[in-house]
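Here is the structure we will look at, set down as structure tokens.
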Amino acid sequence: MASFHFELVSPEKMLFSGDVESVVVPGADGDFQVFAGHAPVMSTLHVGVLKIAGNTNAPQRVFVRGGFADVNDSGLTILAEQAVDLAEVKSDQLMQDIRDLEEDVADAKTDAERARAQAKLEGLKALQLAVAH
């Protein structure tokens, strides 16, 4: 099967750059799969899991939350607001982080603090759901 260049970038780091055979992308209008020669398209991302095939060096399943996907003649580039390799998630630590954020939401002194903590909590709960599947 033909391959194409794929880059996955988060604010913290470049998570992957290399050739792959396909990537399933959680687009805002629904999941779509990219292969070599895919028509150009741009899409925002919704919360979901990227599924990467055809490269043993690539993380196979990556949780993403927010961002953009750009398919062009050069390949696929994903700029994700949050990206986590599901193979690296430790369930015990994730559960503790969720409990801590639930306390932060309950203890927030201002609406702004509560909203920030709630947004982080929702992100971790989405990650927890992705890990479970």
> Using 7 Å Cα-to-Cβ label points, what is the S17/E81 separation (nm, one decimal)?
Replying inline: 2.5
> So what is the diffusion coefficient of region 89-132 in µm² per second by Stokes-Einstein at 10 °C and 1.306 mPa s, using a Kirkwood Rh over Cα pairs?
Replying inline: 150
>> What do you get for trypsin sites (Lys or Arg not before Pro) in region 25-133 restricted to DSSP loop and a cutoff of at most 15 other Cβ within 10 Å of the site's Cβ?
In response: K90, K109
>> Report the gain in length on full extension from D29 to Q93: 0.36 nm times residue separation, minus Cα-Cα distance, nm rounded to one decimal.
In response: 19.8 nm
>> Report the Cα-based extents of the chain along its three principal axes, largest first, to the nearest Å.
In response: 53, 27, 24
>> Can you give me the angle between helix 91-107 and the longest principal axis of the chain, using Cα atoms only, in degrees from 0 to 90, rounded to the nearest 10?
In response: 50
>> Please give the charge dipole size of the chain, origin at the Cα centre, charges +1 on K and R Cβ atoms and -1 on D and E Cβ atoms. Round to the nearest 20 debye.
In response: 120
>> What distance in nm lies between label points placed 7 Å from Cα along the C-beta direction at K51 and A115?
In response: 3.7
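We did not get these values from a lab; they are worked out from the coordinates using the rules stated. Note that the coordinates shown come from a computational prediction; the quantities given were computed from them, not determined experimentally. Glycine gets a Cβ as well: all are built from the backbone with ideal geometry, and neighbour counts include every protein chain shown.
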